[in-house]
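The values are calculated or read from the model by the stated rules, or taken from the named source; none is laboratory data. Remember, predicted model here, so these are calculated numbers, not experimental data. No Cβ is skipped: glycine too gets one built from the backbone with ideal geometry, and neighbour counts run over all protein chains shown. Heads up: the accessible areas ignore ligands, DNA and RNA and are worked out on the full protein's heavy atoms, side chains in. Shrake-Rupley method; radii C 1.70, N 1.55, O 1.52, S 1.80 Å.
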Amino acid sequence: MKKTACPLDCYDACSVVYEPNKLKGNPDHPFTRGHLCYKLNHYFDYSQLESAKYRGQEISLEEALDILEEKIKTSDEILHYRGSGNVGKMQAVSDLFFASIGATLTTGSLCDAAGQLGIEQGRGKNLILPLEQIQKSELVIVWGRNIGYTNHHLIPFLEGKTLVVIDPIKTNLAKNAAMHIQLSPRTDLELACMLARFVYMQNKEDEEFIEEHTEDFDFYADFIQSYRMVPTTEKIGVDLLDIATLAELMIDLKSVILVGNGVQKYAHGTEVVRAIDSLAAMLGLFGKEGCGVSFLGDTSLMLDDPFKVKAKRVAKPEVDFGAYDLCFIQGANPAITHPCTQKVVEGLQKSFSVVFGLYDDETAQLADLVIPAKNFLQKEDIRFSYGHEFVELMPKLQDNPKALSEYELTRELMERFGLDDLKEEREYIEHFTKQLKKRGEYYVLPSFEEIPYSEGFEEPFCFIDEVEDAFDRLGGEYFLITPKAKNAINSQFKRDPYLYVPLQSGLSDGDRVVVSSQWGEVCMEVRLLAELRDDSVLAYSGSAINHVTPPRADNHGNNAIFQEVKVNLKKESQ
Ligand SMILES: Nc1nc2c(c(=O)[nH]1)N[C@H]1C(S)=C(S)[C@@H](COP(=O)(O)OP(=O)(O)OC[C@H]3O[C@@H](n4cnc5c(=O)[nH]c(N)nc54)[C@H](O)[C@@H]3O)O[C@H]1N2
Ligand SMILES: Nc1nc2c(c(=O)[nH]1)N[C@H]1C(S)=C(S)[C@@H](COP(=O)(O)OP(=O)(O)OC[C@H]3O[C@@H](n4cnc5c(=O)[nH]c(N)nc54)[C@H](O)[C@@H]3O)O[C@H]1N2
Ligand code: SF4
Ligand SMILES: [Mo]
C-alpha cells in the first residue's frame with residue numbers, strides 16, 4: 001500500500017492511499033478512517049497545467065526559466081508572494097532563493113494570524129489540542145468553525161457530547177446541536193464577556209487555577225463588567241436566557257471550545273480570540289483532561305525550520321502588487337482569494353507577473369509568465385496539520401517531466417545566480433522528520449503534549465482587559481459573511497459562486513444584484529437562504545466577493561479582515 005497525505009490547506013490533513021488515478025482515505029489512520037472528501041475524490045478531474053506560457057504562448061520550461069532569470073536581473077523591486085494552495089513544508093524552500101536576492105517576502109496571512117496572536121498574548125504558545133482530549137470532553141462548543149464543511153473528519157469525535165454551536169448561520173451542525181447561539185456577526189467578543197459575567201456573578205470562576213496560573217484577573221473582571229447586560233445582549237442579538245444557559249453548561253461540564261476562522265476576520269480579530277481564551281482561562285480549562293481551546297494550531301512550534309529566512313517583508317493583506325517590477329506568485333490565486341480584487345488585478349497588470357502553480361486560474365490568466373508546478377504526487381514533501389497532532393510523509397509517487405517542484409525551481413534559480421548554499425532535497429525532509437515525535441506507529445508534532453499546558457504556561461496567562469473597536473461607524477446595510485465552501489478549497493476545485501440572501505430581502509432566486517462597499521462592487525446571482533439572519537448576506541471564499549472586501553490588515557497589522565465591511569445590494573436593472 002503506497003501512502004501519502006492530502007496537501008490542501010485543511011484541518012484534517014488526511015492520510016491518503018495512492019493507486020494510479022485513484023486516491024482513497026487510509027482505513028488504518030485514526031483520524032482519516034478510510035475516507036477523503038470531494039476534493040481529493042475528484043482530484044484528477046481538474047487538469048494540471050501542461051506547459052509553461054509566456055504572454056499566452058506555450059514555451060518550454062527552459063525558456064520560461066531564461067525569461068524569469070532575465071526579469072529578475074533587470075527588476076529592482078521583486079515580490080515573492082506565496083499562498084496556501086499546497087501546505088507541504090517544502091513549499092517554503094523558494095523563500096531561500098528570494099530572500100537571498102533581496103526580494104520582498106510577506107508577513108502575516110490572509111487566514112489565521114489574528115487569532116494566533118490573540119492566543120500567544122494570553123497563553124504564550126498556540127499548542128494543538130489532541131483528539132483524545134476532545135474525545136474525553138462532555139461539552140463541545142463549536143465557535144465560528146463550520147465543521148461539517150471544513151473539518152468533517154472530526155464529526156465522529158463529537159458523538160455523545162453536548163454540542164453547542166455559535167455561528168450567525170444555521171449550519172447543518174447547528175441544526176443537530178443541543179443549542180445554537182445564532183448571534184449577530186462580529187459580536188463574539190461581547191458574547192465571551194457576557195458568558196464570563198454570568199460565571200463571575202455566581203463566583204464560579206476557577207480560583208485555584210487563576211491564583212496559580214494567571215495574572216491581573218481583577219483587571220479582567222473590571223473589563224467584563226464594563227459590558228452592560230441589556231445593551232450588549234441586544235447587540236449580540238440573542239436571548240439573555242440562552243447566554244445564561246450556556247454559562248451554566250460551561251460551569252458544570254468538562255468543556256472544549258473549537259474556535260474557527262470565522263470569529264477573527266475582523267480588525268479586532270486578535271482580541272476576539274483572546275476574549276474566548278480568557279473565558280476559558282477563567283474556568284480553568286487549560287492543562288486538564290477533556291478540556292481546552294482549539295484554534296488553528298501553530299505547526300511551527302519547537303520546529304527548527306531550515307526555510308525560515310530574514311528578509312524585507314510586507315503585510316500580506318496589504319500587498320500592493322503594482323508597487324513591484326516583478327511579482328512572483330507561488331501556490332496562490334490572489335485575483336480571487338486576496339481582498340479588494342480590483343486593486344489586485346490593476347497591480348498585476350502594472351507589474352511583470354509570474355505564476356508558479358497547478359492550474360490555469362484567474363491569476364495565471366493575467367500573468368505574463370506561467371510556470372507549471374508538480375502536484376503533490378509528483379514530488380517529495382511532509383505534511384503537518386493545524387487541526388490534529390499527526391504528521392504525514394509524502395513520498396514522490398509519479399513522474400511529471402512537464403512541470404517543476406518547488407525544490408527544482410529553487411535549485412535552478414540558485415545555480416543560475418551562483419548561489420551554492422542549497423542542500424539536497426532529502427536532507428531537508430530528513431531535517432523535518434528527525435524532529436518529530438512518535439506515538440505508536442504514527443509521527444506527531446514536535447510540540448505534542450498529551451494534555452497541553454499541564455505544566456502550566458511559560459508566563460502566567462494574561463487576560464484581555466481592553467479592546468479598540470470603531471466598526472459601529474461603518475455604513476452599509478448587511479454584514480458580509482464569507483466562509484469556506486463545501487467542495488472547494490478557497491479557489492481550487494468546485495466553487496460556489498452565489499450571493500446568499502435572507503428570505504426577507506425582497507429578492508428571488510436567480511436575481512442578479514450589484515453588491516457594493518466602499519472598496520468596490522460586483523454583480524452576483526442570488527440564492528435565498530433561510531439559514532441566514534436578516535442582517536447578513538453570505539458569499540463563499542472562491543466566489544467573486546473579494547471585489548468588496550478591504551485591502552487592509554487587522555489592528556495589529558497581521559491578518560486579512562474579509563468581514564470588516566458592510567455591503568449594500570441593488571437589483572441589477574434588466
Ligand atoms: N472572501 C474570502 N476570501 C478568502 C478567504 C475567505 O474565507 N473568504 N479565506 C482566505 C484564506 S483563510 C486563505 S488560506 C486564502 C487561500 O488562498 P490561496 O493561497 O490563493 O489558495 P488556493 O485558492 O487554495 O490555491 C491557489 C493556487 O495554488 C496552486 N497550487 C496548488 N498546489 C500547488 C503546488 O503544489 N505548488 C504550487 N506552486 N502551486 C500549487 C493552484 O494553482 C491554485 O490555483 O484565501 C483567503 N481568501
Ligand atoms: N471545504 C473546505 N474546507 C476548508 C477550506 C475550504 O475552502 N473549503 N479552507 C481551509 C482553510 S484555508 C481554512 S483557514 C479553514 C477555515 O475553516 P473554518 O474555521 O471553518 O472557517 P470559515 O469557513 O471561514 O468560517 C467558519 C464559520 O464561521 C462562521 N462565522 C462567520 N462570521 C462569524 C462571526 O462573526 N462569529 C461567529 N461566531 N461565526 C462566524 C461562518 O458562518 C462559518 O460557519 O478551512 C479549511 N478547510
Ligand atoms: S481537503 Fe481536507 S478532508 Fe479533503 S482529503 Fe484533504 S485533508 Fe481530507
Ligand atoms: Mo486559510
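Against the numbered list (1) surrounded by fewer than 21 Cβ atoms within 10 Å (Cβ to Cβ); (2) at positive phi, residue 488 comes up short only at (2). Among the residues of segment 157-168, none qualifies, meaning not one is surrounded by fewer than 17 Cβ atoms within 10 Å (Cβ to Cβ), in contact with a helix residue (DSSP H, G or I) (Cβ under 8 Å, 6 or more places away or on another chain) and at pLDDT 95 or above.
So, in segment 9-39, exactly how many residues are open to solvent by less than 80 Å² (accessible area, probe 1.4 Å) and out of contact with any Gly (no Cβ under 8 Å at 6 or more places or on another chain)? Residues flagged as open to solvent by less than 80 Å² (accessible area, probe 1.4 Å) and out of contact with any Gly (no Cβ under 8 Å at 6 or more places or on another chain) within segment 9-39 amount to 9. When residues in segment 493-531 are screened for being farther than 20 Å from residue 262 by Cβ, open to solvent by less than 60 Å² (accessible area, probe 1.4 Å), in contact (Cβ under 8 Å) with a residue 60 or more places away in the chain and not aromatic (Phe, Trp, Tyr), 5 of them pass.
Could you check segment 532-550 and list, in sequence order, the residues that are of a type outside the set (A, V, I, L, M), in contact with a helix residue (DSSP H, G or I) (Cβ under 8 Å, 6 or more places away or on another chain) and open to solvent by 20 Å² or more (accessible area, probe 1.4 Å)? Hits for segment 532-550 are 534, 541, 547. Among the residues of segment 469-521, those identified as touching a Lys or Arg at 6+ places or on another chain (Cβ under 6 Å) and at pLDDT below 95 are 474, 476. Restricting the search to strands (runs of 3 or more DSSP E) fully inside segment 2-108 and requiring at least 3 residues that are over 25 Å from residue 390 (Cα atoms), over 28 Å from the mean Cα position of the chain (by Cα) and touching a residue at least 60 places away in the same chain (Cβ under 8 Å) gives 52-54.
In summary, helices (runs of 4 or more DSSP H) completely within segment 309-367 and bearing 1 or more residues that are open to solvent by less than 10 Å² (accessible area, probe 1.4 Å) and within 16 Å of ligand 4 (Cβ to nearest atom) occur at 334-337. When each of 133, 121 is tested for being more than 15 Å from ligand 1 (Cβ to nearest atom), in contact (Cβ under 8 Å) with a residue 12 or more places away in the chain and open to solvent by less than 20 Å² (accessible area, probe 1.4 Å), the lone residue that passes is 133.
Going by the structure shown, is residue 138 farther than 28 Å from residue 350 by Cβ, surrounded by fewer than 21 Cβ atoms within 10 Å (Cβ to Cβ) and either free of Cβ contacts under 8 Å to residues at least 60 places away in the same chain or more than 16 Å from ligand 1 (Cβ to nearest atom) (or both)? So residue 138 passes the test. Taking the criterion of being in a strand (DSSP E or B) and either more than 23 Å from residue 71 (Cα to Cα) or open to solvent by 10 Å² or more (accessible area, probe 1.4 Å) (or both), the residues of segment 371-409 that qualify are 381, 382, 383, 390, 391, 392, 393, 394, 404. Does residue 427 satisfy the condition of being open to solvent by 80 Å² or more (accessible area, probe 1.4 Å), at pLDDT 95 or above and not assigned by TED's automatic domain parsing to the domain that holds residue 275? Spelling it out, residue 427 is indeed open to solvent by 80 Å² or more (accessible area, probe 1.4 Å), at pLDDT 95 or above and not assigned by TED's automatic domain parsing to the domain that holds residue 275. A Cβ distance below 6 Å, combined with a sequence gap of six or more or placement on separate chains, defines the contacts here; from segment 262-276, residues that are at pLDDT below 95 reach no residue that is part of a helix (DSSP H, G or I) and crowded, with 24+ Cβ neighbours inside 10 Å.
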